[in-house]
Structure formats: structure tokens, C-alpha cells
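> Shown below is the structure under consideration.
The values are calculated or read from the model by the stated rules, or taken from the named source; none is laboratory data. Since the model is a prediction, treat every value here as computed from it, not as a measurement. FYI the Cβ positions are ideal-geometry reconstructions off the backbone, even for glycines, and counts take in every protein chain you see.
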């Protein structure tokens, strides 16, 4: 939500996001699996720029969630680690 320039848009997005079910994201299992995933990507010649991206992707993979994104690091994770990505239908 940090990318919103207009307060109204931020408030609308916040209200929508807070309507979703909350899940704790990082425990020992996700932390260790994230490190394993990062190492696997590096061994394939892929460097993910932000650690949080690997954590988010790992959480989604382990919990079978689709991720909506616009980020090349997630695209690389999608290809190499079977991250499920949500592709909205645009009319």
C-alpha cells in the first residue's frame, strides 16, 4: 500500500485489504524454507534482489496461495519454484 499517492486511494485499499482473513506469515518453517528457496535460485543463477520477496513467495508456495504481482523477481520465482500467480482477466 505504500505506493499510493492519494490518501483516498490508500484508504480504499486499506479497507479492502483489512477485509481479508489475516494469516501470520513467518515462523521457523517458512524462514528455513525461504533460505532453501533462495539457495536453490542462486544455484540456478538467479539472484532475488529483496529477501522479503523470497519470504512472500515461499509463504504463497507452501500455503498454495496465488500471488498477484508486478515484479520481475516474482516472475523468476514463478518459473523456477512453481509459484502460483494470479493473472486477472482484463477486458
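> Pick from region 68-83 the residues that are modelled with pLDDT under 95 and outside any helix (DSSP H, G or I): which of them is nearest to residue 29 (Cα to Cα)?
82
> Within the set of pairs 6+ apart or on separate chains, which have a first residue in region 1-24 that is over 21 Å from residue 60 (Cα atoms), a second that is assigned to a helix (DSSP H, G or I) and at pLDDT 90 or above, and C-beta atoms under 7 Å apart?
From region 1-24, the pairs are 4/10; 4/13.
> Residues 25, 1: which one is touching a helix residue (DSSP H, G or I) at 6+ places or on another chain (Cβ under 8 Å) and either surrounded by 12 or more Cβ atoms within 10 Å (Cβ to Cβ) or at pLDDT 95 or above (or both)?
25
> Here is a further query. Would it be correct to say that residue 61 is under 20 Å from residue 80 (Cβ atoms), surrounded by 14 or more Cβ atoms within 10 Å (Cβ to Cβ) and more than 13 Å from the chain's Cα centre (by Cα)?
In short, no.
> Same structure, new question: Can you pull out every residue in region 12-28 that is outside any helix (DSSP H, G or I) and over 18 Å from the mean Cα position of the chain (by Cα)?
Within region 12-28, just 19 meets the criteria.
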